[in-house]
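Below is one structure, written out as structure tokens, with a few remarks after it.
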Amino acid sequence: MHPSIETHAPPQADPALAAWREVDLDAIARNVRALADVAAPASLMVVVKANAYSHGAVEVARAALANGATHLGVAVLEEAFELRSAGVTAPVLAWLAGPGARYAEAVARDVSLAAYSCTQLEEVARGAASVGGRAQVHLKVETGMWRGGAAGEWRELVALAARLQRRGSIAVVGVWSHLACADDPESPSNDAQMRVFLDAVEEAERAGLEPAWRHLANSAATLSRPDMHLDLVRCGLAAYGVDPLAGRGATVRLEQAMTLRATVTHVKDAPAGAGVSYGHTYRTPAATRLALVPLGYADGIPVVPGPTARAGWKGHAVTLSGRVCMDQLVLDVGQLPVQPGDEVTLLGTGRDGEHTVGRWSNLTGRSTYEVLTGLDRRRVPLVHVRGRP
Ligand SMILES: *Cc1c(COP(=O)(O)O)cnc(C)c1O
């Protein structure tokens, strides 16, 4: 479904690649091990929705499960089915489905389902009964984010769940919710959500349910709120090596796994005062060399005004000059001897002079999640490496 090239050789070995996303599975493995340690004794679910935040869902799922994750989380059923089709057998929870969703297939393929309402839970139970199976259900309670989850209906939902469980069409394996402000550890809503959540768990227990997995924490809460780990934490961003708290949480070393690279297609000399790209928003301050890179906003390059954006070339930061175009952008490389065919790094760990995901986020006002998921474009191949060359 997603273009993916498994390779263990440096990707520049393939001259056909003009631009590519390079994902370091070793970095993901180390991040997951570190998160599993922080979460313990709670278990770790790694969230691989949106093609694992652009990193490749199947490859990340395998790396996560081999390094301490016990569960996988996705949004929609199709994402869970993709994992099952690839032979991933670990517990997978899909938390976003509406009327008419393929619940029967989910039960048959052992995909755990979230239920937000009585109507939905009844539909899940009917789907399970139609295939003679038992749905593994995680009941979601509203605790203060006001997105998905049962609010005033919670008592009714747990009572219905207990009845359906006795009949055998479902098994309630989890009770869960989601935090709205975990990336702001000072926010009073974190404690407020936790209180509502614990009350809701008690209510479920009073109804006779014994959910094995109580879960509330995302990456930020995993790093900052050990008291919220409960039985299971759900980490996305941190597993990809981006810190949602920018260092304000636990001192866990996270390594950004994503690097976006391209090869220079064209280089030329330009005089001082040359207006570069649409609208001439950049003028060369001096005679210089300009390098053309075959990546643009259609590939998910965030558009940053002014000469604050950069790329890396052999350890030198070069300036992204003028407007990013749909498929291409121009770098002012000064007097550096950049040649067509040279590799440049648009987004990465910063090692080559480029910006990190966090820095792009600061510069553009887009969240780190948007910067990452924006890169999942079919025409930019995904290359998985183990360790950086
Ligand atoms: C995306 C998501 C997560 C993971 O959040 P991160 O901040 O990336 O760790 C966890 N739970 C739910 C319900 C989500 O939608």
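The values are calculated or read from the model by the stated rules, or taken from the named source; none is laboratory data. Remember, it's a predicted structure, so these values are computed and weren't measured experimentally. FYI the Cβ positions are ideal-geometry reconstructions off the backbone, even for glycines, and counts take in every protein chain you see. These accessible areas exclude ligands, DNA and RNA; they are computed on the full protein's heavy atoms, side chains included. Shrake-Rupley method; radii C 1.70, N 1.55, O 1.52, S 1.80 Å.
For the reader, a short list of remarks on this structure follows.
- Flag for Ala90 being open to solvent by less than 40 Å² (accessible area, probe 1.4 Å) and in a loop (DSSP other than H, G, I, E, B): yes
- A single member of Arg253, Arg289, Arg248 is in contact (Cβ under 8 Å) with a residue 24 or more places away in the chain, farther than 30 Å from Val60 by Cα and open to solvent by 30 Å² or more (accessible area, probe 1.4 Å), and it is Arg289.
- Condition check for Ala69: part of a loop (DSSP other than H, G, I, E, B) and either within 15 Å of the ligand (Cβ to nearest atom) or touching a Pro at 6+ places or on another chain (Cβ under 8 Å) (or both): yes
- Only one entry in Ala204, Ala221 is buried (at least 21 other Cβ atoms within 10 Å of the Cβ) and within 13 Å of the ligand (Cβ to nearest atom), namely Ala221.
- Test: residue in region 251-270 that is modelled with pLDDT under 95, more than 16 Å from the ligand (Cβ to nearest atom) and assigned to a strand (DSSP E or B): no
- Answer residue from region 224-235, given it is in a helix (DSSP H, G or I) and within 13 Å of the ligand (Cβ to nearest atom) and is surrounded by the fewest Cβ atoms within 10 Å (Cβ to Cβ) among those: Ser224
- Residues satisfying the stated conditions in region 149-189, i.e. open to solvent by less than 40 Å² (accessible area, probe 1.4 Å), small (Gly, Ala, Ser), free of Cβ contacts under 8 Å to residues at least 60 places away in the same chain and closer than 30 Å to Asp243 by Cβ: Gly149, Ser177, Ser187, Ser189
- None of Leu139, Leu198, Leu164, Leu160 is out of contact with any Ser or Thr (no Cβ under 8 Å at 6 or more places or on another chain) and closer than 18 Å to Leu77 by Cβ except Leu139.
- Residue check for Ala238: at negative phi, part of a helix (DSSP H, G or I) and either touching a strand residue (DSSP E or B) at 6+ places or on another chain (Cβ under 6 Å) or open to solvent by 20 Å² or more (accessible area, probe 1.4 Å) (or both): no
- Take the conditions (1) open to solvent by less than 20 Å² (accessible area, probe 1.4 Å); (2) touching an Asp or Glu at 6+ places or on another chain (Cβ under 9 Å); (3) farther than 30 Å from Glu59 by Cβ; Val111 misses just one of them, which is (3).
- Test for Leu35: is it assigned to a helix (DSSP H, G or I), at pLDDT 95 or above, closer than 18 Å to Leu223 by Cβ and open to solvent by less than 10 Å² (accessible area, probe 1.4 Å): yes
- Considering region 279-301, the residues that are among the hydrophobic types (A, V, I, L, M, F, W, C) and not in a loop (DSSP other than H, G, I, E, B) include one that is farthest from Thr263 (Cα to Cα), namely Ala298.
- Scanning region 302-349 for residues that are among the small types (Gly, Ala, Ser), in a strand (DSSP E or B) and crowded, with 19+ Cβ neighbours inside 10 Å returns Ala311, Gly312, Ser321.
- From Ala262, Ala192, residue being buried (at least 23 other Cβ atoms within 10 Å of the Cβ) and of a type outside the set (Val, Ile, Thr): Ala262
- For region 39-61, a residue qualifies if it is among the small types (Gly, Ala, Ser), within 13 Å of the ligand (Cβ to nearest atom) and either more than 13 Å from the chain's Cα centre (by Cα) or in a loop (DSSP other than H, G, I, E, B) (or both), and the qualifying residues are Ala39, Ser54.
- Residue selected from region 365-387 under the condition in contact with a helix residue (DSSP H, G or I) (Cβ under 7 Å, 6 or more places away or on another chain) and under 19 Å from Asp183 (Cβ atoms), by the criterion surrounded by the fewest Cβ atoms within 10 Å (Cβ to Cβ): Ser367
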